1. Full-extension gain between Ser42 and Asp240, please, as 0.36 nm times their residue separation minus the C-alpha to C-alpha distance.
2. If you put +1 on each Lys and Arg Cβ and -1 on each Asp and Glu Cβ, how big is the dipole of the chain around its Cα centre, in Debye rounded to 20?
3. So which residue, out of Ser132, Ser67, Ser236, gets the largest mean-square fluctuation from a GNM of the chain using Cα contacts under 10 Å as springs?
4. I'd like the carbon and sulfur percentage of the solvent accessible area for segment 115-256, probe radius 1.4 Å, heavy atoms only, ligands and nucleic acids excluded.
5. Rounded to the nearest 5, what % of the DSSP beta bridges within segment 101-256 are antiparallel ones?
6. List the pairs from Lys10/Lys142; Lys57/Lys173; Lys57/Lys117; Lys142/Lys173 whose alpha-carbon separation is above 21 Å, in the order I gave them.
7. Calculate how steeply helix 206-215 sits against the longest principal axis of the alpha-carbon atoms of the chain, using the helix alpha-carbon long axis, and give the answer as 0 to 90 degrees to the nearest 10.
8. What is the calculated FRET efficiency for Asn98 to Ala195, with r their C-beta to C-beta distance and R₀ = 25 Å, to the nearest 0.05?
Amino acid sequence: MGISFDLSGKGALVTGANTGIGQAIAVALAEAGADVALAGRSDPVETLKLVEATGRKAVNISADLSSTQPVQRVVDEALAGLGRIDILVNNAGIIRRNDLLDFGEEDWDAVMDTNLKTLFFLSQAAARHMVSRGPENGSAGKIINIASLLTFQGGIRVPSYAAAKSGVGGVTKAMANELAASGVQVNAIAPGYIATNNTAALQADATRSRQILERIPTGRWGSPQDIAGAAVFLASPASDYVTGHVLAVDGGWLAR
Ligand code: NAP
């Protein structure tokens, strides 16, 4: 009886999987054996193809996650398409940048709603299904939240993002505590600086990009694939005794 990273027979729901980190996670979960439902506001054309190329089922769920309005429908459509939800990856997220003294209420609300409020209520809806179904071979389900280095730090010109991602660390632990007895593990991944749309403005700013690279011991920006291994681990039986943890995948940034 070895350690298992196998996800065969599992159903995974991943938000914001048309691009970037969500895409890499969805494909990696499929490569590990899971069927995958992709929920987001842009059609995940490329991701659907990549998942299907692994031989696994891919289900497309169109949903704008800037409010909680579609949350129950997303869970219902994932269940209809996959038959089960064993894994939820809350990846969809936005960032708004402005100087602190000019930062506006719309930029505050938009980031808090998508990155924190919807994440909690989608987790709640998925957890109700996981808890009512109960544990199979140890685990009843895995919830993986995509946090950030700004779960631990304040950042620059991104106060609502720092607040929301700090909140993601808090609700990860709150959910883990209450769901542990039902066999659901809840963890988060805190990606470091990853080259995606989310960080396009930073990559394009020569000064900020140099400052960031100078601080990363690994000496390079991360790729979405760098996050995928942690996601497979946290989705698999190998992590059944890991809950309430925020796993940094950051090229060593927080160690500096
Ligand atoms: P990305 O390429 O911008 O991906 C963000 C994803 O979220 C996209 O699929 C996006 O869809 C989706 N999304 C945003 N708002 C949505 C909404 N209202 N409804 C449905 N989907 C929505 O950036 P990424 O870097 O891969 O980001 C993924 C996650 O990682 C985010 O939570 C981000 O905060 C986090 N993160 C990223 C980094 C990094 O360095 N890149 C570091 C730490 C944490 P659209 O394509 O339609 O916008």
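1. Once the chain is fully extended between Ser42 and Asp240, it gains 68.0 nm.
2. Details: 21 positive and 24 negative charges, 75 e Å.
The calculation lands at about 360 debye.
3. Ser132
4. Working: 3280 of 6000 Å².
Carbon with sulfur: 55 percent of the solvent-accessible area.
5. Antiparallel bridges make up about 10 percent of those DSSP assigns within segment 101-256.
6. Values: Lys10/Lys142 11 Å; Lys57/Lys173 31 Å; Lys57/Lys117 29 Å; Lys142/Lys173 13 Å.
Distance filter (> 21 Å) returns Lys57/Lys173; Lys57/Lys117.
7. 60 degrees
8. That pair, Asn98 with Ala195, gives E of 0.65.
The values are calculated or read from the model by the stated rules, or taken from the named source; none is laboratory data. Remember, it's a predicted structure, so these values are computed and weren't measured experimentally. Cβ sites come from the backbone with ideal geometry, for glycine too, and all protein chains shown count toward neighbours. Calculation scope for accessible area: heavy atoms of the full protein, side chains included, ligands and nucleic acids excluded. Shrake-Rupley method; radii C 1.70, N 1.55, O 1.52, S 1.80 Å.
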